[in-house]
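Here is the structure we will look at, set down as structure tokens.
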Amino acid sequence: MNQTYQPKTWLGQQANRFAPGLFFIGLVLLWELICRFGNVPNYILPSPAAIFMAFFDVEFSRWLTHLWATLRVALMGFGLSILIAIPLSIGMMRSELMNRVLYPALIVIQSTPVVAVAPLIIVLLGTDDPSRVLITCLITFFPLVVSTTTGMLETPPEMIELSQSLRAPRYRETWQIRIPYAIPHIFSGLRVSITLAIIGAVVAEFVAAEEGLGYFIQFSTSFFKIPQAFAGLIFLSVISLLLFKSIQWIQAWFFPWSLPKKK
Amino acid sequence: MEDKNTTDGNKSAYVSMKKVGHKFDPRPDAPMVVQDIDLDIHRHEFVAVVGPSGCGKSTLLRMVAGLLIPSHGEVSVFNRPVTEPRDDVGIVFQKANLLPWLTVRKNVLFPLKHKYGRYSPSDEKRANELLEMAGLTQFADKMPDELSGGMQQRVGIVRALLLNPDILLMDEPFSALDALTREQIGFDLLDIWKKNPKTVLFITHSISEAVLLSDRILVMSKRPGSVLDLIEVDLPRPRSSQTINSPRFAELTDIIRGYIYEPNVPA
């Protein structure tokens, strides 16, 4: 039985309420203790305190440069991905031929590991933003195509009949019925894609970059500045989380009807 | 077709079905979904179609709507064969079929927005009037999921009335509602129909609903759906909860029930 645990004392209730946070703090404390009393050297596994101090070893403006570089590539790749994926999905939904031709190609692109293709893209497009944006785009657009197409195809037949009974032009069936119907699906695709966008940007930076958090982590590691590398990793997780959250905020603000009903 | 055999003068029939049949699979040995349906519906008449589920009632409605072209026979509206959906035919769907991203008012205006891309202030005025008639004014700016099932279906009816159709097709519109709501919305529909007289084709699997609402009832057999009987409902109007208690109401429902539960009775 999955019965919710109800503590009786005030302290117990507070502990229950903040359990996820307490668990996290506990984990960090355990990590600190292991490093301190296990005599683990900082260049193998830095302690949380060492990581915290490492934030200040790097100038704030340097952090911002790296942060911005990664964020810029991730957002540009993600944006490009939206610009390609949504029209492509509409095309594939509307045209059976387009669907038949493009779908296998999409599967091939998706099943090729982007990490393996990244160096080739750098060779092809050079070491600047365009290649990094393309790498990010390649990793993010498949979930978007799948979710958008699924949403549009799942539109209830009765809604389509409503459109047919009005003899409305087909582009309005797409814009006024299928796309709005697909909004919840599109947003679940966006949530998956935005976290992949950060991965894409980091992969691209690993291959060729002079700035960005991915580059910074690789650079720090190669000089055995492991605490700094961890600090960079924390920044990456934080932006990833914030981007994920902002997709949810955008959905809640602009499309409140598309959220699951809380009852 | 044997035009001379139709007894009713074709002129007065708003909707006319002659030997209508349909199968979805064009192969010659494929089963028919409906067959040999003959029915004329007159001006401002309320005709219900009842039959067991799967008997092709909804197929029949789709053929009148022009969403489906019958493989056999002919459906005509105002003496013209139906080849595509028409502006003078409105449809009320099962389960309201409202768009969850639009407010109630915008759902009502949707047919105009969808067909022409825009609507005028006078259209908006008309939508408001229709909403008021259906007692929905205070819900006009709500989203559909904030309304009860019965209210949602009233919005569905109001939406079908926006383009002021002469003919209203209703496809089991109350089947998703609970029994109490269902009876109430039946009276609401009669009230709306009285204020906006329309020729109605009403598909239902509820016998009492059919008797309560309609002037005539087409009783259909199991698949392949064909006409078992066409029953004149001679109950006085306006109908109310009193109607349900009258002996004639019970008689009529019994007659239909007889058909539904003994499906081998010849037409």
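The values are calculated or read from the model by the stated rules, or taken from the named source; none is laboratory data. Computed from a prediction, not measured in an experiment: that's the story for all the values here. Note: ideal-geometry Cβ built from the backbone for every residue, glycine included; neighbour counts use all protein chains shown.
Here is a yes/no grid of residues against (1) in contact with a Pro (Cβ under 8 Å, 6 or more places away or on another chain); (2) part of a helix (DSSP H, G or I); (3) farther than 23 Å from residue B:205 by Cα; (4) touching a residue at least 12 places away in the same chain (Cβ under 8 Å):
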{"position": "B:142", "(1), (2), (3), (4)": "no, no, yes, yes"}
{"position": "B:152", "(1), (2), (3), (4)": "yes, yes, no, yes"}
{"position": "B:155", "(1), (2), (3), (4)": "yes, yes, no, yes"}
{"position": "B:158", "(1), (2), (3), (4)": "no, yes, no, yes"}
{"position": "B:163", "(1), (2), (3), (4)": "yes, no, yes, yes"}
{"position": "B:168", "(1), (2), (3), (4)": "no, no, no, yes"}
{"position": "B:185", "(1), (2), (3), (4)": "no, yes, no, yes"}
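Quick check: anything in segment B:87-104 more than 29 Å from residue B:233 (Cα to Cα), part of a helix (DSSP H, G or I) and either among the small types (Gly, Ala, Ser) or at pLDDT 95 or above (or both)?
If we filter segment B:87-104 for residues that are more than 29 Å from residue B:233 (Cα to Cα), which is where we start, we get B:87, B:97-104.
If we keep only those that are part of a helix (DSSP H, G or I) as well, we get B:104.
After this cut, where a residue has to be either among the small types (Gly, Ala, Ser) or at pLDDT 95 or above (or both) as well, the list is B:104.
Within segment B:87-104, one or more residues are more than 29 Å from residue B:233 (Cα to Cα), part of a helix (DSSP H, G or I) and either among the small types (Gly, Ala, Ser) or at pLDDT 95 or above (or both).
Being of a type in the set (A, V, I, L, M, F, W, C) and under 12 Å from the mean Cα position of the chain (by Cα) is true for just one of B:200, B:219. Which residue is that? Before you say what the answer is, go through the steps one by one.
Details: B:219 fails: under 12 Å from the mean Cα position of the chain (by Cα).
Unique residue meeting the criteria: B:200.
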(message) Checking residue A:151 against (1) touching a His at 6+ places or on another chain (Cβ under 8 Å); (2) more than 14 Å from chain B (Cβ to nearest Cβ): exactly one of these is not met. Which one?
(response) (2)
(request) Could you please tell me which pairs satisfy a Cβ distance under 8 Å, a separation of 6+ or placement on different chains, a first residue in segment A:75-102 that is over 14 Å from residue A:186 (Cα atoms), and a second residue that is part of a helix (DSSP H, G or I) and of a type in the set (D, E, K, R)? (result) A:76/A:129; A:77/A:132; A:93/A:178; A:94/A:170
(message) Is it the case, given these coordinates, that residue B:175 is in contact (Cβ under 8 Å) with a residue 24 or more places away in the chain and either surrounded by 21 or more Cβ atoms within 10 Å (Cβ to Cβ) or over 27 Å from residue B:15 (Cα atoms) (or both)?
(response) no
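Conditions tested, residue by residue: (1) in a loop (DSSP other than H, G, I, E, B); (2) in contact with a Phe, Trp or Tyr (Cβ under 7 Å, 6 or more places away or on another chain); (3) in contact (Cβ under 8 Å) with a residue 12 or more places away in the chain.
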| residue | (1), (2), (3) |
| --- | --- |
| A:8 | yes, no, no |
| A:16 | no, yes, no |
| A:32 | no, no, yes |
| A:43 | yes, yes, yes |
| A:53 | no, no, yes |
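Would you say residue A:181 is under 22 Å from residue B:163 (Cβ atoms) and in a helix (DSSP H, G or I)?
Details: under 22 Å from residue B:163 (Cβ atoms): no; in a helix (DSSP H, G or I): yes.
No: the conditions fail for residue A:181.
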(request) With respect to residue A:183, determine if the residue is touching a Ser or Thr at 6+ places or on another chain (Cβ under 9 Å) and within 14 Å of chain B (Cβ to nearest Cβ). (result) yes
(request) Keeping to segment A:154-178, report how many residues are touching a residue at least 24 places away in the same chain (Cβ under 8 Å) and either in a helix (DSSP H, G or I) or more than 14 Å from chain B (Cβ to nearest Cβ) (or both). (result) 3
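Matching residues to (1) touching a residue at least 60 places away in the same chain (Cβ under 8 Å); (2) at negative phi:
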residue: A:113; (1), (2): no, yes
residue: A:117; (1), (2): no, yes
residue: A:126; (1), (2): no, no
residue: A:129; (1), (2): no, yes
residue: A:137; (1), (2): yes, yes
residue: A:141; (1), (2): yes, yes
residue: A:146; (1), (2): no, yes
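Is it the case, given these coordinates, that residue A:228 is among the polar types (S, T, N, Q), within 14 Å of chain B (Cβ to nearest Cβ) and either over 30 Å from residue B:118 (Cβ atoms) or assigned to a helix (DSSP H, G or I) (or both)?
On the way: among the polar types (S, T, N, Q): yes; within 14 Å of chain B (Cβ to nearest Cβ): no; either over 30 Å from residue B:118 (Cβ atoms) or assigned to a helix (DSSP H, G or I) (or both): yes.
So residue A:228 fails the test.
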